[in-house]
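Below: one structure, written as structure tokens.
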Amino acid sequence: MKVGIIGGGAAGLSAAIAAAEQGAEVCIYESGSRCGRKILATGNGRCNMTNVNAELKNYHGTNPEFIKGVMNRFWVNETLDFFEELGIVPKTEDKGKVYPNSNQASAVLDVLRMRIETDGTELVTDFEVSEIVKKNSGFEIRSFDGKKAYADRVIVTTGGKAAPNLGSNGVGYNLLKSFGHKITELRPSLVQMRTAGDTAKKLKGIKFDGIARLDKHEEDGEILFTEYGLSGPPVFSLSSRYDGQKYIELDIMPRYSEDDIINMLYMRIARNPEIGLENFFVGMINKRIGQVLLKELGIAPLSRKSCTLSEKEIQACANGLKHWKFEITGTQSWNNAQVTKGGALTKDFNPSTMESKLVKGLYAAGEILDIDGDCGGYNLQWAWSSGITAGRAAAK
């Protein structure tokens with residue numbers, strides 16, 4: 001049994017290991033000069049391998065419940081065991097994020113590469129697949145430069161369109177479409193959000209720990225103001241929920257209620273009635289954030305003394321600190337995205353095996369399917385789990 005794997009990323013490498021364990025002859029066809037480039041970029045170069053809190057609620061798509069098939073077969077505990085066997089010592093940090101103890105994404109790629117070499121898996125680089133043709137007994141895999149290969153079964157793990165500089169050019173969608181699979185709308189996800197006006201630009205480079213809200217969804221953590229809008233893990237996660245909503249809302253002081261802040265402001269005025277508004281928030285929040293917020297609220301000039309603030313203005317300040325709205329104009333491009341939102345409709349695949357329901361012997365795993373996760377290791381968990389599941393099934 002020969003299993004051909006199209007794409008040498010996280011899903012492809014894990015699928016190769018799983019297929020080889022079942023005794024299959026395995027060959028990975030990678031379009032780039034080396035495999036696993038996106039693995040090296042994950043977790044800011046540290047590789048956020050998984051998340052111990054990974055649940056169904058962390059995943060999105062037309063039918064997120066599709067992932068139950070792999071959750072029941074290979075999930076977080078099995079992933080940790082898998083990598084420990086390969087030599088990775090894991091460590092769990094805030095919010096359940098798991099990294100290699102070495103803090104090196106290269107270590108994760110190294111152990112995967114060492115394993116496929118030990119298994120005798122063939123890795124063919126610079127093989128950009130242009131077409132997969134179904135034959136009576138298997139598949140012919142063709143490259144754009146005229147090369148051909150054969151496999152009894154094929155697993156498509158080409159990823160999506162996010163981070164094209166790392167090899168994600170979306171070619172896998174065309175491969176699946178040629179077999180009749182439907183692809184949903186594709187959008188950048190886990191990406192920065194662009195906002196209207198120059199408010200964020202005025203605060204460029206300033207970070208704060210707060211909460212970002214998009215409709216009923218909210219995420220907490222470090223938020224960054226940028227020249228074009230907003231960034232940081234909470235914004236990245238909410239971008240996976242973005243579907244044309246008009247506003248994103250920031251809570252600058254999440255540990256305090258609006259009433260707490262109102263009382264705090266009155267106390268500051270009582271203690272320092274002569275202080276100018278340009279320095280009113282010093283020691284409470286970032287000075288520049290306070291100044292820009294006052295201007296946005298129309299509370300001017302900043303040379304005014306704090307004792308001149310009216311009750312209505314104090315309430316507006318407190319409300320602004322808890323519910324500062326920024327108009328969304330879209331997200332950053334594919335070049336900035338970590339993940340693709342959308343993909344091949346999961347209803348056309350068997351959730352227990354990742355095999356196509358339209359073409360026997362054809363499988364898909366990872367980002368190419370219409371499943372995407374929150375920021376924090378959830379997407380790599382999906383890649384490992386779906387890849388292992390597809391690899392095992394394809395080799396049987």
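The values are calculated or read from the model by the stated rules, or taken from the named source; none is laboratory data. Please read these numbers as outputs of a predicted model, since none were measured by experiment. Cβ: placed from backbone, ideal geometry, glycine included. Neighbour counts: every protein chain shown. The accessibility values were calculated without ligands, DNA or RNA, using every heavy atom of the protein model including side chains. Shrake-Rupley method; radii C 1.70, N 1.55, O 1.52, S 1.80 Å.
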Exercise. Restricting attention to the stretch 66-76, does a residue exist that is of a type in the set (D, E, K, R), modelled with pLDDT of 95 or more and over 18 Å from Ala393 (Cα atoms)?
Worked result: no
Exercise. Any chance the stretch 150-165 includes a residue that's in a strand (DSSP E or B), among the small types (Gly, Ala, Ser) and surrounded by 18 or more Cβ atoms within 10 Å (Cβ to Cβ)?
Worked result: yes
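Please work out which residue is least open to solvent (accessible area, probe 1.4 Å), limiting yourself to the stretch 122-137 and to residues that are of a type in the set (S, T, N, Q) and over 29 Å from the mean Cα position of the chain (by Cα).
Ser137
I'm trying to understand the selection: among the residues of the stretch 220-279, which are basic (Lys, Arg) and without any contact (Cβ under 8 Å) to a residue 60 or more places away in the chain?
Selection gives Arg255, Arg268, Arg271.
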Problem set entry | Among (1) open to solvent by less than 60 Å² (accessible area, probe 1.4 Å); (2) modelled with pLDDT under 95, the one test that Ala107 misses | (2)
Seminar exercise, completed: Quick count over the stretch 64-89, residues being in a loop (DSSP other than H, G, I, E, B) and surrounded by 15 or more Cβ atoms within 10 Å (Cβ to Cβ), is 4
For this session: Can you work out which of the residues in the stretch 282-303 that are farther than 22 Å from Ile211 by Cα and open to solvent by 50 Å² or more (accessible area, probe 1.4 Å) is modelled with the lowest pLDDT?
Result: Ala300
Seminar exercise, completed: Flagged pairs (Cβ under 6 angstrom, 6 or more apart or on separate chains; first in the stretch 91-108, farther than 18 Å from Glu222 by Cα; second surrounded by fewer than 20 Cβ atoms within 10 Å (Cβ to Cβ) and small (Gly, Ala, Ser)) are Ala105/Gly45
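Can you tell which of Asp215, Asp243 is charged (D, E, K, R) and on the phi > 0 side of the Ramachandran plot?
Criteria check complete, one pass: Asp215.
For the stretch 282-294, how many residues meet the condition of being at negative phi and not in a helix (DSSP H, G or I)? Walk me through it before giving the result.
Let us first name the residues in the stretch 282-294 that are at negative phi, namely 282, 284-294.
If we keep only those that are not in a helix (DSSP H, G or I) too, we end up with 282, 284-286.
Counting residues in the stretch 282-294 that are at negative phi and not in a helix (DSSP H, G or I) gives 4.
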For this session: Among residues belonging to the stretch 1-56 that are of a type in the set (Ser, Thr, Tyr) and assigned to a helix (DSSP H, G or I), point out the one that is nearest to the chain's Cα centre (by Cα).
Result: Thr42
For this session: Say whether the condition of being touching a residue at least 60 places away in the same chain (Cβ under 8 Å) and in a loop (DSSP other than H, G, I, E, B) is met by at least one residue in the stretch 295-305.
Result: no
Problem set entry | Candidate set from the stretch 1-58 (those that are in contact with a Phe, Trp or Tyr (Cβ under 8 Å, 6 or more places away or on another chain), more than 23 Å from Lys97 (Cα to Cα) and of a type in the set (Ser, Thr, Tyr)); member that is surrounded by the fewest Cβ atoms within 10 Å (Cβ to Cβ) | Ser31
Exercise. Quick check, is Asn53 at pLDDT 95 or above and within 17 Å of Asp374 (Cα to Cα)?
Worked result: yes
Exercise. Given the stretch 166-281, what strands (runs of 3 or more DSSP E) lie entirely inside it while holding 2 or more residues that are open to solvent by 40 Å² or more (accessible area, probe 1.4 Å)?
Worked result: 207-214, 217-225
Exercise. List, please: which pairs have Cβ atoms under 7 Å, are six or more places apart or on different chains, and start with a residue in the stretch 48-69 that is at positive phi and end with one that is among the hydroxyl-bearing types (Ser, Thr, Tyr)?
Worked result: Gly61/Thr346
Exercise. Under 6 Å by Cβ, and 6 or more places apart or on different chains, what pairs join a residue from the stretch 373-390 that is within 15 Å of Glu55 (Cβ to Cβ) with one that is of a type in the set (A, V, I, L, M) and assigned to a helix (DSSP H, G or I)?
Worked result: Ser385/Val70
For this session: Sort out which residues of the stretch 291-306 are closer than 12 Å to Gly276 by Cα and not aliphatic (A, V, I, L, M), and write them in order of number.
Result: Gln291, Pro301, Ser303, Arg304, Lys305, Ser306
Exercise. Quick one: is Glu313 over 22 Å from Ala212 (Cα atoms) and either charged (D, E, K, R) or not in a loop (DSSP other than H, G, I, E, B) (or both)?
Worked result: yes
For this session: Having 2 or more residues that are more than 13 Å from the chain's Cα centre (by Cα) and crowded, with 23+ Cβ neighbours inside 10 Å is the bar; report the strands (runs of 3 or more DSSP E) wholly within the stretch 320-396 that clear it.
Result: 362-364
